[in-house]
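The values are calculated or read from the model by the stated rules, or taken from the named source; none is laboratory data. If you're wondering where the values come from, they're calculated on a predicted model, not measured in any experiment. Heads up, the Cβs are rebuilt from the backbone with ideal geometry, glycines too, and the neighbour counts pull from every protein chain shown.
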Amino acid sequence: MKVRKLGLLGVFILSGIFPAGYAQNNVEKRVEDLLSKMTLEEKIGQMNQVSFFAVDDKAIAQYSDDDMDTFLVRMGIAGGQGQKKPSEMTKAEKIALIKAEAAKMLDNNITQPIRDGKIGSLLNITDPVMVNRLQKAAMDESRLGIPMIIGRDVIHGFKTIFPIPLGQAASFNPQLVEDGARIAAIEARSTGVNWTFAPMLDISRDARWGRIAESLGEDPYLGGQLGAAMVRGFQGNGNLGDPNAIAACVKHFIGYGAAEGGRDYNSTNIPPHLMRNIYLPPFHNSIKAGAATLMTSFNDNDGIPASGNDYILKSILRDEWKFDGFVVSDWASIGEMIAHGFAKNDKQAAEISANAGLDMEMVTGAYLKYLPELIKEGKVAVATVDNAVRNILRIKFRMGLFENPYVDTNKASVMYADAHMKAARQAAVESAILLKNDNNTLPLAESKKIAIIGPMANAPHDQLGTWIFDGDKNHTVTPIGALKGDYKHIRYVYEPALDFSREKNTANFEKAKQAAASADVAVVFLGEESILSGEAHSLSNINLIGVQSELLKAVKSTGKPVVLVIMAGRPLTIERDLPFADAVLFNFHPGTMGGPAIFDLLFGKANPSGKLPATFVREVGQIPMYYNHNSTGRPAPEKVMGLDEIELEAGQTSLGNTSFYLDSGKDPLYPFGFGLSYSTFEYSGLTLSSASIPMNGTLTARVTLKNTSNVDGTEVAQLYVQDIVGSVVRPVRELKGFRRVALKAGESKIIEFKLSADDLSFYGRDLIKRTEAGDFNIWIGGDSNAPLKSTFSVTE
């Protein structure tokens, strides 16, 4: 660090004359002082984010000879007049030329622009030596010495990979989510990464959408609680200056998860009440938790792309929520407004986004190229640029980057630390959902011989799930890996039958049947590869892909008990598979330690406690189906008519005048919040502290929860309410609280929930948030179909 650029203040801070918090407490003054010294070009540079690239020996080793030849010719350094042709060069000569050209490109396109103050942030650099080199260019070789913020998609772990976010949501455990984000931050920061694009808070009601894997599910309350926990974990529980913290970026603002048909990047049409009551609350909760940055989404909503929507970025985010961090576009989303038909070219796209309040542009380069002339033309005000730069600098100062921009390359590695792996294992345990357990098939006795069958039993890459740029499959402990490690005493026979989930070759099914016949129980590991979920990986069919269902049937035909273990990135339509499994354990891709965690559960060393964060439909035609839907004028009764009950040539009637499907009924396969345990739990004695509360009052709901089994276990008790009559139609139920309760065998506890009148507020017809007086239903139980019910009222 160059002390001369810090001035006396920096000297005093470093010498300890002023306490460490002094710089943080004077952020606004420092922002204004620095801003006053910046040229227009330097300001716009802070608004420019560039994706890092580098070509090293490891990268070049992956090139084919054809790739090398093409690169050399395309770059004009081989094959031209007076130059050797690639065919005349040795491989060593090619590599040397490629490395030299890459170094030149790096200096021309990244290092020199950093020196010139034209780059405020870099993406996708994880080499700490290179981070230090480029930060040095920013700190010591640029005019003003402004550090860069280094961004990376650290979504559910950096090296130690935790379950995908949808899996973590199944834990209903904010502390677990916070701990996972804290570990990810520690590992990422050790490489120089100081900013992550997480948590993703898009409400996801469509399992066809690939990015449901990256979400926290379908419920705004659960998503808000867990999103805030993730923010706290990444950001050091509010201390952005912590050298082990990274800045969080809540995304995607707003409505991306409602893409039509579950097709990624598609349009959304979310009306104002739905937007206010369902899609915005998780974001607001995480902003209140201190999220430093926010990312706009790819979609347009009602015809306005998010990266050009001044209403959401100014009126809501800044004016209503008082957010003072900065807003970044998603990858090239400013330029994509041209494809939307919302801007005619990059220049107009830059104008629209800057005036809408988008502070930093990810990779498009339109701000850098066009803002100077847009300002000259009076189409963008200098004050608009100044405000964007204020927001960016504010976060850089809060992060302590001016005092601590570099990576300590001599520090011992923190990757895959024992404590990290232990936490990842526990997260995988708590994220697993037991969907079926007929005849107490599980837990298995360790004395039994088991047949391990299926493509997901030893899939170290796919087990990690989507968005794991830095995860290493060589550190993954698969189920087969666990049987060679912690569970090496278990007798087993292994026959994958399929090499991967999409394979359609049934040639090894007989081997699978023989393996099952030779064992006491068959454990069949099925699911989907990680590449089948995530961004740009939407599906119209969410059955078990390929011939996996046929494999399960073949194994079941042996007559042996069958345990189905699924690893997937989304809810799947598995109703057709349930008859062929005696027990089903569902794991959203469980991460690095998924293998041992699954066996901890299968053998009863751990007891399943996960609950579904999203509804499981019977078939894809039921989508969208979610628990907190609005009341309809003709709700379906408990029993509805099916196709087989309709007489031939029956007269055209409305068949009961209710809302349901003739072929798949009215209910999902499994409701939101559902999950079994090896324990059984009983809820009784629901009592309320009062039959009514005033507008400023609080209600206490109490219930007795008993473990009625002989197995210690943990239950996630859930509280739901219904506003019976509102100024707009209200949902049939809404989650308003949850608690993880550990109970010994036979133990009972009285648990209580506090519910304030403010918890019942919503945006009504006038789009003002308030609690409306009236009557409410309340339920407490183990899922969103909880039967234990009472009523209360809120009075004026």
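If residue 595 passes every condition in (1) under 19 Å from residue 156 (Cα atoms); (2) not polar (S, T, N, Q); (3) not in a helix (DSSP H, G or I) but one, which one does it miss? For residue 595, the failing item is (3). Is it the case that the range 185-193 has a residue that's surrounded by fewer than 24 Cβ atoms within 10 Å (Cβ to Cβ), closer than 30 Å to residue 405 by Cα, touching a residue at least 60 places away in the same chain (Cβ under 8 Å) and among the aliphatic types (A, V, I, L, M)? Checking the range 185-193: at least one residue is surrounded by fewer than 24 Cβ atoms within 10 Å (Cβ to Cβ), closer than 30 Å to residue 405 by Cα, touching a residue at least 60 places away in the same chain (Cβ under 8 Å) and among the aliphatic types (A, V, I, L, M).
A quick yes/no check of all residues on (1) under 27 Å from residue 766 (Cβ atoms); (2) surrounded by fewer than 19 Cβ atoms within 10 Å (Cβ to Cβ); (3) outside the structural domain of residue 179 (by TED's automatic domain parsing):
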position	(1), (2), (3)
248	no, no, no
264	no, yes, no
269	yes, yes, no
276	yes, no, no
300	yes, no, no
305	no, no, no
323	yes, no, no
330	no, no, no
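Annotation note: of 597, 606, 636, the sole residue that is of a type outside the set (Phe, Trp, Tyr) and either under 26 Å from residue 208 (Cα atoms) or touching a strand residue (DSSP E or B) at 6+ places or on another chain (Cβ under 6 Å) (or both) is 636.
Take the conditions (1) under 26 Å from residue 608 (Cβ atoms); (2) touching a residue at least 40 places away in the same chain (Cβ under 8 Å); (3) polar (S, T, N, Q); residue 518 misses just one of them, which is (1).
Residues are listed down the side, and each one gets a yes or a no for (1) of a type in the set (Val, Ile, Thr); (2) under 29 Å from residue 719 (Cα atoms); (3) in contact (Cβ under 8 Å) with a residue 12 or more places away in the chain:
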| residue | (1), (2), (3) |
| --- | --- |
| 553 | no, no, yes |
| 560 | no, no, yes |
| 633 | no, yes, no |
| 650 | no, no, no |
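Against the criterion of being surrounded by fewer than 20 Cβ atoms within 10 Å (Cβ to Cβ) and either more than 27 Å from residue 719 (Cβ to Cβ) or modelled with pLDDT of 95 or more (or both), residue 608 does not qualify. Residue 102 falls short of the stated requirement of being part of a helix (DSSP H, G or I), touching a helix residue (DSSP H, G or I) at 6+ places or on another chain (Cβ under 8 Å) and among the aliphatic types (A, V, I, L, M). Being part of a helix (DSSP H, G or I) and out of contact with any Lys or Arg (no Cβ under 9 Å at 6 or more places or on another chain) is a condition met by no residue of the range 405-415. For the residues 506, 466, 478, the requirement of being at pLDDT 95 or above, β-branched (Val, Ile, Thr) and closer than 17 Å to residue 595 by Cβ singles out 478.
When the range 148-160 is examined, which residues are found to be assigned to a strand (DSSP E or B) and under 13 Å from the mean Cα position of the chain (by Cα)? 157, the sole residue that qualifies.
Inside the range 726-748, residues that are among the charged types (D, E, K, R) and in contact (Cβ under 8 Å) with a residue 60 or more places away in the chain make up a count of 5. A single member of 285, 244 is of a type in the set (S, T, N, Q) and outside any loop (DSSP other than H, G, I, E, B), and it is 285. Check whether at least one residue in the range 573-594 is closer than 23 Å to residue 492 by Cα, without any contact (Cβ under 8 Å) to a residue 60 or more places away in the chain and not hydroxyl-bearing (Ser, Thr, Tyr), and report yes or no. Yes - at least one qualifying residue is present in the range 573-594.
Pairing each residue of the range 757-770 that is closer than 18 Å to residue 791 by Cβ with any residue that is in a loop (DSSP other than H, G, I, E, B), provided the two are 6+ apart or on different chains, yields C-beta distances under 6 Å for 757/695; 757/697; 757/771; 760/771. Among strands (runs of 3 or more DSSP E) entirely within the range 615-722, having at least 1 residues that are of a type in the set (Asp, Glu) singles out 681-688.
None of 82, 145, 167 is at positive phi and either touching a helix residue (DSSP H, G or I) at 6+ places or on another chain (Cβ under 8 Å) or in a helix (DSSP H, G or I) (or both) except 145. In this structure, does residue 286 turn out to be farther than 17 Å from residue 361 by Cα and surrounded by fewer than 24 Cβ atoms within 10 Å (Cβ to Cβ)? In short, no. Looking at 689, 684, which one is at negative phi and exposed (fewer than 15 other Cβ atoms within 10 Å of the Cβ)? The conditions single out 684.
Out of all the residues in the range 527-538, is one or more under 24 Å from the mean Cα position of the chain (by Cα), part of a strand (DSSP E or B), assigned by TED's automatic domain parsing to the domain that holds residue 464 and of a type outside the set (S, T, N, Q)?
Residues of the range 527-538 that are under 24 Å from the mean Cα position of the chain (by Cα), as a first pass: 527-538.
Next, from what is left, pick out any that are part of a strand (DSSP E or B): 527.
Those still in the list that are assigned by TED's automatic domain parsing to the domain that holds residue 464 too: 527.
If we keep only those that are of a type outside the set (S, T, N, Q) as well, we get 527.
Looking for residues that are under 24 Å from the mean Cα position of the chain (by Cα), part of a strand (DSSP E or B), assigned by TED's automatic domain parsing to the domain that holds residue 464 and of a type outside the set (S, T, N, Q), one finds at least one in the range 527-538, hence yes.
Counting only residues that are in contact with a helix residue (DSSP H, G or I) (Cβ under 6 Å, 6 or more places away or on another chain) and assigned to a loop (DSSP other than H, G, I, E, B), which one in the range 105-124 is surrounded by the fewest Cβ atoms within 10 Å (Cβ to Cβ)? Residue satisfying both the conditions and the ranking: 118.
Could you please let me know if residue 180 is crowded, with 24+ Cβ neighbours inside 10 Å, assigned to a helix (DSSP H, G or I) and touching a strand residue (DSSP E or B) at 6+ places or on another chain (Cβ under 8 Å)?
Answer is yes for this residue.
Of all the numbered requirements in (1) at pLDDT below 95; (2) crowded, with 24+ Cβ neighbours inside 10 Å, residue 638 misses one, and that requirement is (2).
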